[in-house]
Amino acid sequence: MPKDSNPTTNCNVHTFNPYDGEQLRDPHAMFAEMRRDRPVFWSPELGMWVVSRHGDICSVLRDPARFSSQDAFAIGADLTPEATALLATGHPHTRTPIDSDGPEHARLRRIVGSALNGKMVERWGPRIRELARELLDGFADAGRVDIAAEFAEPFPLRVILDMLGVPLADLPQIKRWSDDWFELIFARVPPAQHVARVESYLEFQRYCERMIAAREANPGEDAMSEMLRAGREESVPPSRAELISLIAGAFIAAGHETSSRMLSNTMRVLLTTPGAWAAIVADPTRIARDLEEALRFESTALGMVRVATAEVVVGGQTIPAGARLYLLYASGSRDEAQFRCPASFDPARANVMDHLGFGRGAHYCVGALLARAEARIALELFAERLPGLRLAAEPDPVHRSHTTIRGPVSMWVEWDVA
Ligand code: HEM
């Protein structure tokens, strides 16, 4: 058997392909082989260098001058000419913190961060609990639910929209727009669908523009008003196009699917690790540590991209200037060189915070406080209301193809109803 083949997943480092949702169901054996045999390798499928070890990933993240985030995601890069022409009729896609560097990054991050700091998250805590409770009330008597679809999916988007002051009735439409846009960037959309997806993106832009105008005319205490206020304080205030990108991209799109998948991943880990759920039910103060370990053990953040600004050596491999690196956070968080027994879910491990679930360095997730609060509140409620929660035997959790986020989009759980 060739040394880079993997009997468990029927994949090897040459066929590693996050566009294949099936591979994402359980990629850890394949990642372990990468770390052992090919820690840095060229993936023709992705057109990027894949970096899989914790130490190599962190050395890249510590050096933003040589590993740029700018243009890491290029919306419109592979669009059909017709779709490209249509895209040009909208607001130009401007950068967000995630795909910018240096002072531009700091400025954009300050604006988004103004709506995601500790004060805002604390202020929204009671409302987050209410939104979670409403959803749970909807199925608590059913004894069985697809928790990924019926809870994890809508809950973080409800929170984000509520924080922005957007009517929850608009949620299904916003979800479609956001999914269409994310898929254009992170998945593979067939060319025949490009025009429709771009149309959807332009509608999303127009919607955000109307929201911004409404809040400018009538500011409040909501997250959008905060961002508008923070923007006005900048020496270079954000343009209209920048505000749209920040709200649509850095807040709505980045702020919900990640949290949705993280909730499903965490639930799955807690319900499949013997004793883990019972321990939380008995002592909900364990939740914070369990969450961190779940972020490590089943990393929702699959991988992120950086661009080499000069010829560099990573993990002994020379990488040419201009090449793209795909930092496999989900692999780094399972690195045996960093974590003892990485394949065990162990919230008591001393370095539980060393995971890469929210990235590291200048681009560390600006929404981490909110994501943690949402997950903690959700788990507290489930532990209180559905202590007998268990994973249903069938059907298996379903994963969707994605280069950046990993987690079940469908996962059935059950509990006894009195
Ligand atoms: C569990 C949920 C979440 C996960 C797993 C997650 C993961 C990540 C990761 C790994 C990064 C680093 C990107 C890089 O290294 O280039 C990141 C950055 C970012 N996240 Fe999150 N995120 C979550 C929730 C959120 C939320 C709730 C928001 C906003 C409401 C958000 C907004 C952002 C933004 C704007 C950045 C870019 C920050 C920067 O580049 O300075 N995320 N996130």
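The values are calculated or read from the model by the stated rules, or taken from the named source; none is laboratory data. Note that the structure is a prediction, hence the values are computed from the model and not measured. Here the Cβ is made from the backbone with ideal geometry for all residues, glycine too, and neighbour counts use every protein chain on show. Calculation scope for accessible area: heavy atoms of the full protein, side chains included, ligands and nucleic acids excluded. Shrake-Rupley method; radii C 1.70, N 1.55, O 1.52, S 1.80 Å.
What to note about this one:
- Exactly one residue among ILE111, ILE185 is closer than 22 Å to ALA230 by Cβ, among the aliphatic types (A, V, I, L, M) and in a helix (DSSP H, G or I), and that residue is ILE111.
- Conditions (1) within 17 Å of ASP346 (Cα to Cα); (2) without any contact (Cβ under 8 Å) to a residue 24 or more places away in the chain: number failed by ARG286: (2)
- Top-ranked residue in segment 285-323 [being part of a helix (DSSP H, G or I) and surrounded by fewer than 17 Cβ atoms within 10 Å (Cβ to Cβ); ranked as farthest from the chain's Cα centre (by Cα)]: THR285
- Comparison of GLU374, GLU336 shows that the only residue that is more than 29 Å from GLY113 (Cα to Cα) and touching a Pro at 6+ places or on another chain (Cβ under 8 Å) is GLU336.
- The residues of segment 379-403 that are open to solvent by 20 Å² or more (accessible area, probe 1.4 Å) and either part of a loop (DSSP other than H, G, I, E, B) or farther than 17 Å from PHE139 by Cα (or both), listed by number, are PRO387, GLY388, ALA393, GLU394, PRO395, ASP396, VAL398, HIS399, ARG400, SER401.
- The residue pairs whose first member lies in segment 105-133 and is hydrophobic (A, V, I, L, M, F, W, C), whose second member is more than 10 Å from the ligand (Cβ to nearest atom) and open to solvent by 40 Å² or more (accessible area, probe 1.4 Å), and whose beta carbons are closer than 6 Å, counting only pairs six or more residues apart or on different chains, are LEU131/ARG158.
- Filter result (within 11 Å of the ligand (Cβ to nearest atom) and among the aliphatic types (A, V, I, L, M)) within segment 237-262: LEU246, ILE247, ALA250, ILE252, ALA253, ALA254, MET262
- Helices (runs of 4 or more DSSP H) contained in segment 18-102 and holding at least 2 residues within 16 Å of the ligand (Cβ to nearest atom) and modelled with pLDDT of 90 or more: 54-61
- ARG376 meets all of the listed conditions (1) at pLDDT 85 or above; (2) assigned to a loop (DSSP other than H, G, I, E, B) but one, namely (2).
- Residue in segment 189-202 that is farther than 30 Å from ALA393 by Cβ and outside any helix (DSSP H, G or I) present: yes
- Residue in segment 349-372 that is away from the ligand (no atom under 14 Å from the Cβ), under 21 Å from LEU270 (Cβ atoms), in contact with a Ser or Thr (Cβ under 7 Å, 6 or more places away or on another chain) and open to solvent by 20 Å² or more (accessible area, probe 1.4 Å) present: no
- Scanning segment 136-157 for residues that are in contact (Cβ under 8 Å) with a residue 60 or more places away in the chain, of a type in the set (Gly, Ala, Ser) and away from the ligand (no atom under 16 Å from the Cβ) gives ALA140, ALA142, GLY143, ALA149.
- Only one of the listed residues (VAL121, VAL51, VAL40) is of a type in the set (A, V, I, L, M, F, W, C), within 23 Å of GLY249 (Cα to Cα) and in contact with a helix residue (DSSP H, G or I) (Cβ under 7 Å, 6 or more places away or on another chain). That residue is VAL121.
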